[in-house]
Amino acid sequence: MTDRITSPFGARSTARDVVNGHDLSGQTMIVTGGASGLGVETARALAEAGADVTIAVRNAEAGTAAAADINTTAGGRVSVGLLDLSDLPTVAAFASAWGDKPLSALINNAAVMACPQAYTAQDLEMQIGTNHFGHFVLTTLLARALMNGSEAARASRVVSLSSIGHRRSPVNFDDPHYRNRPYDKWDSYGQAKTANALFAVGFNQRFADLGVNANSVMPGGIMTPLQRHLPREEMIAMGWMDEAGKINERFKSTEQGAATSVWAAVGPELEGVGGLYLENCAQALPWTQENPFEGVMPYAVDPDAADRLWALSEETTGVRL
């Protein structure tokens with residue numbers, strides 16, 4: 001991959017490292033799931049660099065507390081909006097309240113992982129329903145705001161958080177909601193994370209010429225509230241921690257995990273670039289069995305699959321360009 005895009009940062013860089021030297025004054029950004037984990041550190045770094053950041057959250061109390069914490073160092077640049085990605089009318093309400101106000105970057109960070117079989121308010125399987133379809137509606141309805149946020153020398157950006165978990169499954173277009181096949185929480189998560197990567201490809205195909213680029217991000221392994229559905233015994237069995245509770249050294253801190261999201265939002269190396277899968281503040285290499293915890297599967301960046309997912313998403317949600 002001779003034309004691979006890289007940066008001065010790497011796997012152990014932090015979000016603050018990435019924004020150091022950036023002046024984001026006048027830029028407006030939204031971070032979904034900004035009340036905890038990666039979302040908090042993503043919002044913190046962007047706000048401390050001068051951006052006006054809205055954290056979009058389900059829990060108003062948690063969001064208010066997170067915003068107050070960030071604002072102690074960010075000068076009051078963080079506000080809170082209510083958003084439940086598992087209930088599409090609330091997604092539409094959030095987008096309607098935002099309107100066409102210029103939006104410099106949308107970081108689609110919120111997610112659910114490996115939950116028991118469940119369905120959203122619109123009867124979509126919970127993981128793909130929340131992680132993909134909710135963000136599809138949000139981003140599509142905010143497309144005009146993103147176009148209004150672009151400038152002559154700077155495109156607006158969409159950042160779609162994927163995961164190395166995408167290697168567990170492509171999108172099953174015949175039965176994405178597990179109506180006719182046995183539910184597997186990890187295959188479901190993999191399908192949803194593949195959808196997040198494909199969405200960036202599809203959105204970039206449609207909006208790059210209109211001043212908006214989209215890329216997907218693999219943040220790395222981080223212990224956050226995303227693991228809320230996993231028993232301790234399962235995490236030990238998977239090698240995420242040992243019997244004493246010590247976290248595998250392969251895992252990142254939340255500040256390190258947020259670095260690639262922030263780089264995707266502000267990195268000059270990505271100006272005018274989209275449709276990529278990023279990790280460790282660089283364009284990912286292809287996945288290999290020899291290095292199974294990094295890299296991207298070809299089906300997660302396939303333009304034809306991205307088009308098929310886009311058509312399915314429009315049909316499923318009723319939201320069309």
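Every residue in segment 111-128 that is hydrophobic (A, V, I, L, M, F, W, C), at pLDDT 95 or above and not in a helix (DSSP H, G or I), please.
Passing the criteria: 118, 121, 124.
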Any residue in segment 69-95 that's on the phi < 0 side of the Ramachandran plot: show its pairings with residues that are assigned to a loop (DSSP other than H, G, I, E, B) and crowded, with 20+ Cβ neighbours inside 10 Å at Cβ separation under 6 Å, as long as the two are six or more apart or on different chains. 85/110; 86/120; 90/84; 94/83; 95/142
Do the conditions hold for residue 207, that is, is it among the hydrophobic types (A, V, I, L, M, F, W, C), within 30 Å of residue 149 (Cα to Cα) and surrounded by fewer than 24 Cβ atoms within 10 Å (Cβ to Cβ)? yes
If you go through 287, 240, the only one that is modelled with pLDDT under 95, over 18 Å from the mean Cα position of the chain (by Cα) and surrounded by 12 or more Cβ atoms within 10 Å (Cβ to Cβ) is 240
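Suppose the filter is of a type in the set (S, T, N, Q) and over 25 Å from residue 132 (Cα atoms); does residue 54 pass it?
Numbers: of a type in the set (S, T, N, Q): yes; over 25 Å from residue 132 (Cα atoms): no.
So residue 54 does not fit the description; no.
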Against the definition (modelled with pLDDT of 95 or more and closer than 21 Å to residue 105 by Cα), how does residue 313 come out, yes or no? no
Residues that are surrounded by 19 or more Cβ atoms within 10 Å (Cβ to Cβ) and either assigned to a strand (DSSP E or B) or hydroxyl-bearing (Ser, Thr, Tyr) (or both), drawn from segment 1-43: 7, 13, 14, 28, 29, 30, 31, 32, 36, 42
Take residue 70 and decide whether it is more than 26 Å from residue 273 (Cβ to Cβ) and of a type in the set (A, V, I, L, M). yes
Among 108, 59, 71, 131, which is touching a His at 6+ places or on another chain (Cβ under 6 Å) and either modelled with pLDDT under 95 or closer than 29 Å to residue 18 by Cα (or both)? 108
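Quick one: which of 141, 124, 146 is touching a helix residue (DSSP H, G or I) at 6+ places or on another chain (Cβ under 6 Å) and within 22 Å of residue 274 (Cβ to Cβ)?
Working: 124 fails: within 22 Å of residue 274 (Cβ to Cβ); 146 fails: touching a helix residue (DSSP H, G or I) at 6+ places or on another chain (Cβ under 6 Å).
Only one candidate passes the filter, namely 141.
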Within segment 149-182, take every residue that is basic (Lys, Arg) and modelled with pLDDT of 95 or more and give me the one that is nearest to residue 203 (Cα to Cα). 157
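Is at least one residue of segment 55-76 among the β-branched types (Val, Ile, Thr), under 30 Å from residue 168 (Cβ atoms) and touching a helix residue (DSSP H, G or I) at 6+ places or on another chain (Cβ under 7 Å)?
Within segment 55-76 (the criterion being among the β-branched types (Val, Ile, Thr), under 30 Å from residue 168 (Cβ atoms) and touching a helix residue (DSSP H, G or I) at 6+ places or on another chain (Cβ under 7 Å)), the answer is yes, since at least one residue qualifies.
The values are calculated or read from the model by the stated rules, or taken from the named source; none is laboratory data. What you see is a predicted model, and the numbers here were worked out from it, not measured in a lab. Cβ sites come from the backbone with ideal geometry, for glycine too, and all protein chains shown count toward neighbours.
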